[in-house]
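Take a look at the structure set out below.
The values are calculated or read from the model by the stated rules, or taken from the named source; none is laboratory data. Predicted, not measured: the structure shown is a model, and the values here were computed from it. Every residue, glycine among them, receives a Cβ derived from its backbone with ideal geometry; neighbour counts consider all protein chains shown.
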Amino acid sequence: MKLIYTILLVATSIGCWAKGIRGTVVDEIGQPTPFVNVVLMSDSTFIDGKVTDDTGSFMFENADSTANKVKVSMIGYEDLILPIPADGNFNTLSLRPSSVMLGEVVVKASLPSTRIKGNALVTNVENSVLATTGSANDVLKNVPMLTGGNGNFSVFGRGDAIIYINGRLVRNSSEVGQLASSDIKEVQVVNNPGAQYGADVNAVIKIVTKKPVGEGFSLSAYTDNIYNKWFTTTEQLDLKYRTGGLEIFATGNFSHGKNYDDEYILSTTNGKSVLSMVSEESVSTTKTAISGKIGFNYQFNENHSLGAYYRNDYNRGHHYGYFLNDITENSSLSESSASDLKGWFKALPCNSANIYYNGTVGKFTFDVNGDYMQTKDNDRTYQYEQNQFSDNRNVTTFNTSRNRLFAEKATVSYQLPKGSVLIGEEYTNSRSQNDFQNPEAILISEETDVRESNIGVFAEVSQTFGAFSASAGVRYEHVRSDYYLNNRLADGQSKTYDNFFPSANISYSPGDFRFSLSYSNRTVRPTYQNLNGNYFYVNSILYTRGNPYLVPSKRQDFTAQASWKYITLSAQYSYTKDAIVQVYEPYEDNDRINVFTVTNMPSHKLFSIYANASPQFGIYHPSLSLGMQKQWFDVEYLGQQKKMNSPIFTIQMNNTLTLPHDWFIEASLWWRSHGDWKNWAYTHTLSTVNLRVYKMFLDKSLTVYLGVNDIFNGQIYKANIYSGNVMMQSNVNNHGRNVELTIRYNFNTSKSRYKGTGAGQTEKNRF
């Protein structure tokens, strides 16, 4: 009996020593949280310590037999002290935000400024100089691989991106400017999205804010004023009230301003005769916009939350200008005209709403979203043409567009020991109507109506194996698009598609060095504007229209990324079938009138490479980015295949000086070389140089920014487009040089808890 007892004791001891202790740490919205401290303890005695990885996971493979509990801690959250389960598996541990406001924290160590996490490039903002730049727009301008502004950003080598804030799709670009940089924790750039995103999503920008702390009333207000030739002003007020699990929020925004641009165009048509048109255009646009948003978020407990919001947007304005057109035929002047342009536009209230629920039950996480959007726009233009060689005439156009969208999306994920499985479905139903009228009957008056539905189902699985992690997914979409012309179904323009879109990613992170490879199969659907078959009047020899016969492009993307300390590298290759390209065509076999439209071309190949270095030298924070993209593309011009293969190079440099007493100086440079993009040949370099000084007051609650943008007025676009028998030279001056003053004030700010992820992400961008 004594022998049996001894054997059992030894066996139990060996089993205890061999037992692994594991788990995954998530934040209050269920997102895996890296760099969390996990301490293995025996009562109050320290035994071992770990830090969670990028997936929020931790593991003690051979835990000491005396260990009986773990302590989980992270700044801004309450500590968790829990007994060790019998099997050693904690499954999912949820952190709760600390209710105690922290005083000033001195950060002695920080995460790398940019690192690879799966198929995303993650830029840390919290506790960095980026947190002081002003708004999310200012942050994104400094994030590697991103270019753009005012809520519209593109990813190098990928194109336009959709933006999420805390998992909620941004529907209105102004929302990006409404988010303060000090509220942002990190920015994730996904340049090869997986199956959970729509097949026509080029890239994803995910903004993650800092965790909410505190309760009560909070206020954030700012004013942004730009002087160019005229003033443009934007005013905004954000209000929040939080008590217990309930948060009520409201936002109001007002903007008013004027902008103008000058354009010079020379087009040459080689038909039965050689027609050359010289056009000079100068147009100013005045616009007033008002928006309001109200909503709530209720967190029942750390595992369940529900919320909804309603947003209303209204804008109106007018534009004035003139056109000067000279047309020569075989070198002889045949037509000369001067046109006065007047136009009015009004966007009747745009209504949008979202409702969501997300929750966690055991290892399952649920996320459900419903979205609705409705818009109506009225646009009226009037041109009076004074012709030297023919009769004067009026050209009046009326266009009313109506758009409506309903979308819903639901996902279920299951937490694995070191990974997850996600399945979901998404449905969008949209309608875009256009009623075009030309009383003078110069153009055809038509009504077009595009009705489209998209049913998508998808699945993704991800798993971590030591320093390796991998994910794979597939998405199926059934799309039906019906095209109505003058209230009659046009069978030739109506289409149905059934497609599978696979994706995969593998990454390796042994330490400071991180590497990833990814692949995705995607599509590029034409916008509803591109599908609109109505003709629009520009001048006597130039019209524009869409193409209802367009088919979606199919694209395969391959991406390789690497990061080491403050250096990031990316290389991408894409092959697109049925690429959508802008072209010129004759108007109803009349080679004296050209139509600027879009069509499908057989293929487009693109290779791009990108490098960024973001070191820090004391008070000096530089960031240097170098990029190159080269395409392989042929276009038919004058009966021959013209190769458009010249590469485009870009340089971007941001420099920030952090001075005593909360003073900052920021200088930035962006430059683009000449080169080819599809059938456009950029013939002139493009550049912008910006300088800004800002100062914080009132314990960093008030910030004043003063800057000069595009100091040398380098935003002058010069390009040639080749198509068929037409070559057009374009020279556009946007008058980008301006002085900008921004004042931002925050009172008892608390970050939004809203967790709606949104549905129909790219469908909204097609309107």
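A few notes on this one:
- Within the stretch 152-180, considering residues that are small (Gly, Ala, Ser) and modelled with pLDDT of 85 or more, the one farthest from LYS293 (Cα to Cα): SER154
- Given (1) buried (at least 16 other Cβ atoms within 10 Å of the Cβ); (2) outside any strand (DSSP E or B), index of the condition SER608 fails: (2)
- Listed by position, the strands (runs of 3 or more DSSP E) enclosed by the stretch 625-726 that each have at least 3 residues that are over 29 Å from ASN270 (Cα atoms) are 648-659, 663-672, 686-697, 702-709.
- Of the criteria (1) over 21 Å from GLN493 (Cα atoms); (2) touching a Lys or Arg at 6+ places or on another chain (Cβ under 9 Å), which one ASP578 fails: (1)
Listed here are the residues, each with its yes/no results for (1) free of Cβ contacts under 8 Å to residues at least 40 places away in the same chain; (2) within 25 Å of the chain's Cα centre (by Cα); (3) closer than 30 Å to THR24 by Cα.
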site	(1), (2), (3)
VAL361	no, no, yes
GLY370	no, yes, yes
LYS376	yes, yes, no
THR381	no, no, no
ALA410	no, yes, yes
SER430	no, yes, no
GLN433	yes, no, no
PRO439	no, no, no
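- TYR414 meets the conditions (1) touching a Ser or Thr at 6+ places or on another chain (Cβ under 8 Å); (2) surrounded by 15 or more Cβ atoms within 10 Å (Cβ to Cβ); (3) among the hydroxyl-bearing types (Ser, Thr, Tyr) in every case but one. The failed one is (2).
- Hits in the stretch 33-50 (condition: part of a strand (DSSP E or B) and modelled with pLDDT under 75): THR45, PHE46
- Residues located in the stretch 69-87, provided they are surrounded by fewer than 17 Cβ atoms within 10 Å (Cβ to Cβ) and touching a Ser or Thr at 6+ places or on another chain (Cβ under 6 Å): GLU78, ASP79
- One residue alone among SER494, SER445, SER469, SER453 is buried (at least 18 other Cβ atoms within 10 Å of the Cβ) and at negative phi, and that residue is SER469.
- Meets criteria (at pLDDT below 85, on the phi > 0 side of the Ramachandran plot and either crowded, with 24+ Cβ neighbours inside 10 Å or not assigned by TED's automatic domain parsing to the domain that holds THR568 (or both)) for ASN119: no
- Leading residue by the ranking (nearest to the chain's Cα centre (by Cα)) among those in the stretch 263-313 that are under 30 Å from ASN330 (Cβ atoms) and of a type in the set (Val, Ile, Thr): ILE265
- Residues being in contact (Cβ under 8 Å) with a residue 40 or more places away in the chain and either farther than 30 Å from VAL704 by Cα or basic (Lys, Arg) (or both) are entirely absent from the stretch 652-674.
- Test: residue in the stretch 173-185 that is assigned to a strand (DSSP E or B), within 22 Å of ASP699 (Cβ to Cβ), touching a residue at least 40 places away in the same chain (Cβ under 8 Å) and among the hydrophobic types (A, V, I, L, M, F, W, C): yes
- Selection count, the stretch 191-202, where residues are crowded, with 24+ Cβ neighbours inside 10 Å and of a type in the set (A, V, I, L, M, F, W, C): 2
- Extreme residue, farthest from ILE665 (Cα to Cα), among residues of the stretch 718-750 that are buried (at least 16 other Cβ atoms within 10 Å of the Cβ) and aromatic (Phe, Trp, Tyr): TYR722
- Residue in the stretch 225-247 that is part of a strand (DSSP E or B), closer than 29 Å to ASN738 by Cβ, out of contact with any helix residue (DSSP H, G or I) (no Cβ under 8 Å at 6 or more places or on another chain) and of a type in the set (Asp, Glu) present: yes
- Residue list for the stretch 472-482, filter: of a type outside the set (Lys, Arg) and surrounded by fewer than 22 Cβ atoms within 10 Å (Cβ to Cβ): ALA472, VAL474, TYR476, GLU477, HIS478, VAL479, SER481, ASP482
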